[in-house]
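Following: one structure in structure tokens, then a few remarks.
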Amino acid sequence: MKEIYLDNAATTFMPPEVIDIMERYSGTDYGNPSALYEKGRNSRKALDHVRGIIADTVNAREDEIIFTSGGTESDNWAVKCIPYLEALRKGMSSAHIITSSIEHHAVLNPLRQLEDIGYNVTYLPVDRYGRVSPKDFGKALRHDTVFATIMTANNEIGTVEPVNELAGIAKKAGIVFHTDAVQAYGHIPVDVKESGIGMMSVSAHKFHGPRGCGFMYISKELKSMWESEIELPLIAGGGQEYGLRSGTENLASIAAMGKAAVMSCREVEKDGDYVRTLREYCYDKLKKNIPEITMNGDPVNRLPGNLNISIKGIEARSLMLLAGEQGLYISTASACSQKDTHSSHVLKAIGLSSAQAGEAIRISVCRYNTREEIDDAVKILSGLVNKLRSYGGY
Ligand code: PLP
């Protein structure tokens, strides 16, 4: 059976060039970067080289990039360590955090843990397209606000947030601004100097790198402030990653991530145009073939590859499972919350009813997908929708 993979927001495949690098650093070049003999020194060189490559893709300095195990770890690090550190540094007895109501659970769940131990969190609402208002953000600031975290782009509906503006407001107020750029990096241009954000989480498997690998950007300014006043290791141990995240480096995955980063970022705008055209083609074709579908999310400020649609009268989960049986892979809500699409906090936050949320599918396209694949996918989906609607007496 031919496979058509249109669930690239959940994870992506690794092209042969990336797998080759991963094999090289798992197989022959496996030295520990901390070892002082040549095999170790070569690994250290490779690690530093990748750090430089990654830094260039976001206009950062090499020492502002810390390798982690991916998005969840980086988000937990930012949310759990920074408000504590900042409150301590500023001698505050209470700490307030600003976030949005549509963040990924890798941000929301650690925030809930902080609330349990006495932190205050403001969850900003979003408009019907999923956008956070900079005005609301400014209004939410309090005397004890120490940290803000707003995602660059949403994983379910693809809405791109005005993070540059938000980061600017936070900077003026002396607040650390973190962004979860897991869905954005490698798909739209990201420039940390231009945006002025303090911290940013990225995950390799969302841009054709390996799963279980990613990085955190921490601005030099924040890093030196914390280093001079307070220690901030996420994971204490042997002192790797500038002492911030100990543990023998996962060089095979990191090197593979470097290759995937270069391949995704070198022509990010051109690739984005191609992917956007493919997504629009897919939506137009679906609209022609399936009556009563609506797009969720922002029509303009949107990730190129994200198409989230509600199909009237169709239970999205059944459609997703039946499509899978024909080799077409799409998704309902986000990959991490597929168990219960009716309770998607993102779809609720943009005003969808429980029924509409249960009718929502996410199709996510990447630069390797083709028009022929979209044609086949639309054929499969419209056939299934017709069948399901006929059963339901639609
Ligand atoms: N943040 C967002 C926006 C995501 O989409 C995901 C994964 O789906 C994560 C964080 C978690 O990243 P990882 O799978 O690397 O832990």
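We did not get these values from a lab; they are worked out from the coordinates using the rules stated. These numbers were taken from a predicted model, which means no experiment stands behind them. Virtual Cβ from ideal backbone geometry, glycine too; neighbours counted across all protein chains shown.
For the chain, a Gaussian network of Cα nodes joined below 10 Å ranks Glu249, Glu269, Glu325 by mean-square fluctuation, and the top entry is Glu325.
Calculate how many DSSP beta bridges within the range 16-265 are antiparallel, expressed in % of all such bridges and rounded to the nearest 5.
The antiparallel fraction comes to roughly 35 percent.
Using only side-chain charges placed at the Cβ, +1 for Lys and Arg and -1 for Asp and Glu, the dipole size of the chain relative to its Cα centre rounds to 540 debye.
Once the chain from Leu321 to Ala173 is taken as fully extended at 0.36 nm per residue, the excess over their C-alpha distance is 48.5 nm. In the range 16-265, inverting the average of 1/r over every pair of distinct C-alpha atoms gives 18.5 Å as the Kirkwood radius. Of the residues Tyr37, Tyr185, Tyr329, the one that moves most in a GNM of the chain with alpha-carbon contacts below 10 Å is Tyr37. Considering the zone a paramagnetic label at Lys193 would reach in this model (a point 7 Å from Cα along the Cα-to-Cβ line), which residues of the range 39-56 have amide N under 13 Å from it? It comes to 55-56, nothing else. Of all lysines in the structure, those lying under 19 Å Cα to Cα from Lys80, and not within fewer than 8 positions of it along the same chain, are Lys90, Lys223. By DSSP, the beta bridges lying fully in the range 124-263 are antiparallel in about 45 percent of cases. In a shell of Cβ-Cβ distance under 11 Å around Pro291, excluding Pro291 itself, what net charge do Lys and Arg (+1) and Asp and Glu (-1) give? Combined, the nearby Lys, Arg, Asp and Glu give +3. The separation of the range 286-322 from the range 155-209, counted between C-alpha centres, amounts to 26 Å.
Summing Lys, Arg as +1 and Asp, Glu as -1, what charge do residues with Cβ under 13 Å from the Cβ of Ile311 carry, Ile311 excluded? After counting each charged neighbour, the total is +3.
Full extension of the chain segment joining Lys135 with Glu17 gains 38.0 nm, where the gain is 0.36 nm per residue of separation less the Cα-Cα distance.
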